[in-house]
Amino acid sequence: MLKSDSFGSTATNCGTREKLMRIGKRRCTLLQCEHLESRSMLAGDCFHIGCVDAIEVEVRESFISNVPFLLKAKLLDGDGSINRNVWDANASVQVNTPDAAVDATEFNLFNGLGSVFINTTSDVETLDLTISIGQHQKVLSLRNDSATVKTIASSNITEDTVWSNVVHVTSDLTIAENATLTIEPGTLVLVDGVETTVEQESVGSRIQVHGTLNSMGTHERPVTITAFDKSKPWGEIHVQGGTANLQHTIVSVAGNSPRGGHTNTGPAIRVTDEGSFSLADGAITDTYGKIMQADRGQVSFTGSLLTRSVMGPETARTGVSLEDTWIVDMSGRYRYDKVIDDNDGIYLHSATLPIELKNSVVAHVGDDGIDTAGAIATFQDMIVRDVDDKGFSISGGQVVIDHSLVAHVGIGVETKVDTSASPQTTINRTTIANANYGVRARGNSSEIQNLVLNSIIDPGADGDAVWVDGDENRTIIQYSVVGESWVYGNDNRLVPAEFVDAENADFRIRLTSPAIDAGNPDDGQDSDGSRLDVGFYSILRSEGRSLNAIDIDALCATVHGDNNSLEYDLNSDGSVDVADHAHLVEKVMGISYGDANVDGIFDSKDLVLIFQAGEYEDNVSSNSGWAEGDWNCDGEFDTSDLVVAFQNGRYVRA
């Protein structure tokens, strides 16, 4: 397992650029740290809202020929957390071992996390790989474990048992009520399965937990539970009244288990009879069914990845805690018959126990991102993106969506009537963008209560911000930016949100955005002490993190200097020049030429500021910046700058 490491010499580090750009104590210019124009990982090591200080690659330390293994990559902030603001990034896998090959050479990262399932038929002593993300690389070496003697597990576990090295499970196993199975770090568990057929005449081997299952993987030595034959998926871990605690454990090529529920597929994990299941810093991937089916129990996911399956977890009458977890790529193409059918990111229904999801990502889902039915649930700091149908589908129950981002969806949040209860949905400090519908109430709306607070609903030019079937007065919107007129509520701003670049998924607000200081004054303040900015992103003035004149000067210094790094290529034309300067001023910051104090208005205050600076045609070479009147990025304040300002600017007379 490779630990996190700084990016090294392949790119100029933040400290060097700090000196280059004369920006005082900040680690990087905000242009570097906040630029998201293509929302793809760029050549350097700085991104939106802080620098990406490290990449981390997680993988087994060994391999067996023809047994696929999972490789997971992360982009980390300085505090070690995943940088969710890097919208998309591309990674490649290169084999450095002669006469060896793998079947996957590229993969994608979404909001700072991605994975690839790799198989090799090569029987080499070591498999050397290089993982590249942008200009940055990780080199790793995996040893061949094919010759390791496998322990055969074929009988029930009735007393405390420990597994290590390589274990081959050849039939159904039951962990008895008073027994504990402990799986040691680095263990590879290979489970017999069956071929997947439409009729499903048989199922793969299952591990049934009446007692306790402890899978004790570590960051350096994760446990893997996968199929003995990659063409024959195994069954499931069935927690049947017992307890399963999985740490740094990868469960894959499962799901050939009894089918049912949403999608009529089998799960990799099943929880029944008040069982308890937890997965910490692990993954459930590449299954031939759904991630989980739980009925009457408790489940917990922390710091984990759920990906490449028919759908995510499906729970009923179950308490759910999910934090720092990615649910990615749920699609009908993983189903036994390839039928598209309820491919939700997560489906939570019939629940009276607490449900809480926070600081997580749901992305690239074939149906609803988060689907609830009769649930009492709280969602906080969620990013729900690239969802074919609804970001949130609320049917009955009571749901709170707080400080979340919902984008690239058919419908942002839909509340509809369920026979079990009248739904109540509260949306607070949330941004809904790039959608056909922002907030929608469907069905008998006299039973629906929607409350939208301190939020942005801006679906784009072709979308409807609010759509209600029936009683519109049951949808109340207050202190929000709404892309269309809405009379039920108060203190809204009925204008576009002015995102930095919604087309390229940059949903930060510009300095001129109506979302700034638009929140309810009784709901507290931003961290800089100002009134709340509404929506998911805030401009944090006291931290110096809104783009300003220093950032414009930093770009111009790059245009005219030797450090022509393409991370400053804001318009993605392959070069760094004054066109990027125009892109920054006009599109990213949304300000006018001549706005020397960057307050969003070009007026007499700016003229006073620049002439007080005393650098107009002063015959001192390259001494002027944006705040001193250099508006055409040539380092001088002269007549040409005034021409640019009054021809292209928007001068406002007092």
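Here are a few things to note about the model shown:
- Judged by the mean number of other Cβ atoms found within 10 Å, the most tightly packed of the peptides 402-414, 102-114 leads the ranking 402-414, 102-114.
- Karplus-derived 3J(HN,Hα), 6.51/-1.76/1.60, for each residue of the range 116-133, Hz, glycine and proline x: 8, 9, 10, 10, 9, 9, 6, 10, 9, 5, 9, 10, 9, 10, 10, 9, 10, 10
- Debye, to nearest 20: dipole size of the range 148-344, +1 on Lys, Arg Cβ, -1 on Asp, Glu Cβ: 300
- Of the residues THR426, TYR437, ALA549, the one whose Cα sits farthest toward the positive end of the charge dipole of the chain, with +1 on the Cβ of Lys and Arg and -1 on the Cβ of Asp and Glu, is THR426.
- Rounded to the nearest 20 debye, the dipole magnitude of the chain is 1400 debye, with +1 charges on Lys and Arg beta carbons, -1 on Asp and Glu beta carbons, and the Cα centre as origin.
- Kirkwood-based shape ratio for the range 344-465, expressed as Rg/Rh from alpha carbons: 0.93
- Sequence-distant residues sharing a close amide H with ALA373 (under 5 Å, placed H): LEU348, HIS349, SER350, SER395
- Fewest-first sequence of SER146, SER132, SER257, SER592 by Cβ atoms within 10 Å of each Cβ: SER146, SER132, SER592, SER257
- Degrees separating the helix 639-648 axis from the principal Cα axis of the chain, which is the longest one: 60
- Taking Cα atoms only, the orientation of helix 604-613 departs from the longest principal axis of the chain by about 80 degrees.
- Over the residues of the chain, the helix contribution to mean residue ellipticity at 222 nm works out to -2000 deg cm²/dmol, using -39500 (n - 2.57) for each DSSP H run of at least 4.
- HN-Hα J in Hz across the range 501-509 - Karplus 6.51, -1.76, 1.60, θ = phi - 60°, x for Gly and Pro: 6, 5, 4, 10, 6, 9, 9, 5, 9
- FRET efficiency, 1/(1 + (r/R0)^6) with R0 22 Å, evaluated for TYR616 and THR512 via beta carbons: 0.25
- Sequence of HIS248, HIS262 once ranked by neighbouring C-beta atoms within 10 Å, starting from the fewest: HIS262, HIS248
- Cα-Cα pairs of the range 413-546 separated by more than 26 Å (percent): 23
- VAL387, VAL124 arranged by Cβ crowding within 10 Å, fewest neighbours leading: VAL124, VAL387
- With Cα atoms, 0 to 90° folded angle of helix 549-560 axis to the chain main axis: 90
- Residue-wise HN-Hα coupling along the range 148-153, computed from phi with Karplus coefficients 6.51, -1.76, 1.60 (Hz; x: Gly, Pro): 5, 5, 8, 7, 8, 10
- By average C-beta atoms within 10 angstrom, highest first, the peptides 494-504, 187-197: 187-197, 494-504
- The range 469-533: C-alpha gyration tensor shape, a/c 1.5 cut-off, then a/b vs b/c: oblate
- Calculated mean projected area of the Cα convex hull in nm² (choose from (1) 30.6; (2) 45.2; (3) 33.9), label: (1)
- Look at the dipole of the chain built from charges on Cβ: of THR180, VAL559, VAL166, the Cα furthest out on the positive end belongs to THR180.
- Averaged over residues, the count of other Cβ atoms within 10 Å places the peptides 361-372, 60-71 in the sequence 361-372, 60-71, highest first.
Any read-out appearing in this document is the output of simple, stated calculations on the displayed coordinates, not a laboratory observation. Since the model is a prediction, treat every value here as computed from it, not as a measurement. Cβ coordinates were reconstructed from backbone atoms using ideal geometry, including for glycine residues, and neighbour counts include every protein chain displayed.
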